[in-house]
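Just below is one structure, and these are the notes that go with it.
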C-alpha cells in the first residue's frame with residue numbers, strides 16, 4: 001500500500017481548506033454542485049472523445065495502482081531467477097517444467113516455457129521483448145490519459161466560471177445577489193485548477209513511474225531467462241541482474 005498517495009491528497013486538500021479558513025472563509029463556499037458537474041462532466045466528455053475504449057478501460061483499472069501498486073521486490077525476483085538457474089544447471093532445462101507449471105506470473109511463465117521448449121536465446125528475447133513493449137505502450141497510454149485530463153480540467157473550469165458570470169450578468173437588476181453569484185462562478189475555476197494540480201497530473205506521474213518500474217522488472221526477467229538459456233553460471237547471473245538495482 002502506497003501511503004504517500006493518501007497523505008498527499010489529504011495534505012494538499014487539507015492545506016487549501018486550512019488556508020481558506022485562516023482567511024475567514026468557509027469550506028461550504030467551495031461546495032457547488034453545478035460547478036462540479038460542469039468540470040467533471042466536461043472533462044470526462046473530452047477524455048471519452050480522445051481515448052479509445054481499451055485505453056479508457058485500462059486507465060480506470062490502473063487507478064488503484066496509485067494506492068496498491070503491482071510492484072515486485074527486485075531482490076526477491078533476482079533470488080528466484082538464480083534459483084531457476086541452479087535447477088537448470090543440475091537437472092537441465094527440462095527440470096524447469098515443474099517450476100513453469102507453478103509460476104503465477106504470466107510473463108515469467110512464458111519465459112520458463114520457452115526455456116523448457118529449448119528455444120534459442122535470440123528467439124526468447126524477441127518473443128518476450130515484444131510482449132514487454134506492447135504492455136509498456138498500453139500502460140503508458142493509459143497513464144497519460146490522466147495527464148490529458150489534468151490539461152482539460154482548468155479550461156473546463158474557466159468555461160464553468162464564464163457560464164456562471166453570464167448568469168450573474170443576467171441578474172444585474174438585483175445587486176444583492178452579485179457578490180455571491182460571482183463567488184460561486186469562480187468555484188468552477190477552483191475545481192478545475194485544483195483537480196488538475198492536486199490530483200490528475202500527480203496521479204499521471206505516479207502511474208508512469210510504476211509503469212517504468214514494471215518495465216525494469218520485465219527487463220530483469222528477460223535477462224535472467226536469456227542467461228539461463230545461455231548456460232551462464234548462477235553466480236554470474238546474480239551479479240549481472242543486481243546491476244539493475246539502483
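Between 15, 149, 195, the Gaussian network model of the chain with springs among Cα atoms under 10 angstrom shows the greatest mean-square fluctuation at 15. Note on the chain: helix-only mean residue ellipticity at 222 nm, from DSSP H runs of 4+ residues weighted -39500 (n - 2.57) and normalised by residue number, equals -26000 deg cm²/dmol.
Using only Cα atoms, tell me the angle between helix 74-91 and the longest principal axis of the chain; keep it within 0 to 90° and round to the nearest 10. With rounding to tens, the tilt is 20 degrees.
Within the P(r) computed for the chain, what percentage of the Cα pairs occupies the region above 35 Å? It works out to 39 percent of all Cα pairs. The slack in the chain from residue 64 to residue 102, taken as 0.36 nm per residue of separation less the alpha-carbon distance, amounts to 11.0 nm. Between the alpha-carbon centres of region 196-232 and region 47-69 there is a gap of 18 Å.
Rounded to the nearest 10 degrees, the angle from helix 178-195 to the longest Cα principal axis of the chain is 10 degrees. Angle of helix 53-62 to the longest C-alpha principal axis of the chain, folded into 0 to 90 degrees and rounded to 10: 90°. Cα centroid separation, region 145-159 to region 73-118: 46 Å.
Any read-out appearing in this document is the output of simple, stated calculations on the displayed coordinates, not a laboratory observation. In this text the structure is predicted, and so the values were computed from the model without any measurement.
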